[in-house]
Amino acid sequence: KVDTEVYELIERSIAISKITQGAFDITYGSIDKSLWNFDKNMTRLPSREDALKMVHLINYNNVILDPVAKTVFLKERGMRIGFGGIGKGYAAEMAKNLLTRQGVKSGIINASGDLTAWGLQPDGRQWRIGISNPERPQEIFSYLDISGKAVATSGNYEKYIMVGEKKYSHTIDPKTGLPISGVKSVTVISRNAEFADAMATPIAVMGIKAGLYLIDQIPDLHCIIIDDDNIIYTSRDINLN
């Protein structure tokens, strides 16, 4: 049995897993950390067979929820749940809700890079959010002016490994156990910080074409994708400055 707040967060997470066809999966916590450890030097990649063994417990369909008893049951021994893919956005959204309930009319919250902003700046302008250059993260290549929206970015420029001359992203495809390729960063814009955070990584996992198609099907959801060749792709109704 878990608190209602935790239960509802798990419930929303599973809904996102369904939307993304498993590209987002909170049972990702079940992965064997001995396979990938991006805090240590790795000299070689695991085989595809070993990678698949390490992710065999990742399956959101094996999380059984009881809405009456508020219980969460994991069907397979060794399964774990982790909120790493949604936690920062959840925290930002909860902090914003707390402040707005207390009468704060405008503000911006930065939850370790996941941003949510509401109202206007003191000079009456919207909040200006910089989009990092994946090659040089301290530099801004573009910006967005927002209010009543949240921005979250997932990229391979802060956490990765080098094996030989090739860079491998810390973003792992939960279906294969191997790092994704082809996408350097994904920035998602939504009205809800939790949703923006949760959607950023699965869009990278799904790839450019499928990711953009999904984004364009969901109201008030937008994204900016930068591929390995530094080509920029945007969903509908995005105007970069």
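Bear in mind these aren't lab numbers, they're just calculated from the coordinates by the rules spelled out. Computed from a predicted structure; not experimentally measured.
Numbers below:
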item: Listed residue pairs exceeding 26 Å between alpha carbons, taken from Lys18/Lys53; Lys18/Lys75; Lys75/Lys96; Lys70/Lys175; result: Lys75/Lys96; Lys70/Lys175
item: Cα-based convex hull volume of the chain per residue, rounded to whole Å³; result: 138
